[in-house]
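Structure record follows, encoded as structure tokens.
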């Protein structure tokens, strides 16, 4: 080892820094203030040695009428907008929502009923307001019969317990989650990402240690005991949503003043990109009964081809979607018997209304008729 490199490694050990990792490894970067986003936990935890960690505070029970709190809601400084278009590059994100009552949301979503597709763009923290927003949009979409939903998120993180509450609702409501180029999904946002039926990631996803803001711990042992309960909740949440519990172990090793950026391989390894494994198991049983064995075999083959042919580091979401739309033709999708269950079916109503001039840029992004572009991106 060269003297300069040896000295650098020694200095790194003394300062708590790690040696440079290979290009394919995840990188760790500093963050300005963990409290500004982060993965913050404030829920009380049992401190009795005999307490069952699984009995830790669960999300608050939903109110009556079916589970929605319609009291006044403000998101400032966070922003949310609704669009019936998935082509954000061509159509933007829609007008920012100024109110979040039932009538306003119904008015914003009414134009989406014709195609049965909505996209909720959210830029901000994961907090109680975000939980209410997702609950309300889901509820109104159910009332209007809008079955294809995309959460287009850009968040530096927030509250762990709120992320779990939102994620459990998303997991039961058939949402696809996008982290598009230029966007981030850091810290507590990763729990939201884990919940989607389908996850499309072109932006940065990062994790670090959970911060206990309401702790009364005075020793390292007491703090670790509290965190053990919190991480048990997190592992349980990840497990029921098809993500790898190993991600929780990696989180514990990253100081909350830093951020570990996950590579494409790690996103796949932790179950945070592509089809949600837990939902895929459930869908497989349902689709086998409804659409037949051949449909399921073609769907699986498409997913493998998409991963192999379309996904590449740095690919923007628009190109991934264009790629997937071209690739699926090779697997006879959309299916005649089960079009709504076909991969990327949320695009079908939009494509049906597309003119040849509108289709040309998408086909160019996909590389033309012979392209092998990207994305089993949509909700199955």
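The values are calculated or read from the model by the stated rules, or taken from the named source; none is laboratory data. Model, not experiment: these values are computed from the prediction. Methodologically, a virtual Cβ is constructed for each residue, glycine included, from the backbone with ideal geometry; neighbour enumeration extends over all protein chains shown.
What pairs come up if the first residue lies in region 117-138 and is not assigned by TED's automatic domain parsing to the domain that holds residue 87, the second is outside any helix (DSSP H, G or I), and their beta carbons are under 7 Å apart, counting only those six or more places apart or on different chains?
Sorted first by the residue in region 117-138, then by its partner, the list stays empty.
Limited to region 86-114, what total is found for residues that are assigned to a loop (DSSP other than H, G, I, E, B) and touching a helix residue (DSSP H, G or I) at 6+ places or on another chain (Cβ under 9 Å)?
Residues flagged as assigned to a loop (DSSP other than H, G, I, E, B) and touching a helix residue (DSSP H, G or I) at 6+ places or on another chain (Cβ under 9 Å) within region 86-114 amount to 10.
Would you point out the residue of region 316-353, among those that are touching a residue at least 60 places away in the same chain (Cβ under 8 Å) and touching a helix residue (DSSP H, G or I) at 6+ places or on another chain (Cβ under 9 Å), that is farthest from residue 201 (Cα to Cα)?
340
Has region 253-262 got at least one residue that is at pLDDT 95 or above, in the same structural domain as residue 187 (by TED's automatic domain parsing), within 21 Å of the chain's Cα centre (by Cα) and assigned to a helix (DSSP H, G or I)?
No, every residue in region 253-262 fails to be at pLDDT 95 or above, in the same structural domain as residue 187 (by TED's automatic domain parsing), within 21 Å of the chain's Cα centre (by Cα) and assigned to a helix (DSSP H, G or I).
Test of understanding: among 380, 373, 356, 313, which residue is surrounded by fewer than 13 Cβ atoms within 10 Å (Cβ to Cβ), modelled with pLDDT under 85 and closer than 30 Å to residue 206 by Cα?
313
Going by the conditions given, is residue 351 in contact with a strand residue (DSSP E or B) (Cβ under 7 Å, 6 or more places away or on another chain) and assigned to a helix (DSSP H, G or I)?
The answer is no for residue 351.
Would you check if residue 271 is under 30 Å from residue 158 (Cβ atoms), touching a helix residue (DSSP H, G or I) at 6+ places or on another chain (Cβ under 9 Å) and outside any helix (DSSP H, G or I)?
yes
Condition check ((1) touching a strand residue (DSSP E or B) at 6+ places or on another chain (Cβ under 7 Å); (2) buried (at least 24 other Cβ atoms within 10 Å of the Cβ)) across all residues:
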| position | (1), (2) |
| --- | --- |
| 129 | no, no |
| 132 | no, no |
| 184 | yes, no |
| 205 | yes, yes |
| 222 | no, no |
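Out of contact with any strand residue (DSSP E or B) (no Cβ under 6 Å at 6 or more places or on another chain) and surrounded by fewer than 16 Cβ atoms within 10 Å (Cβ to Cβ), is that true of residue 305?
no
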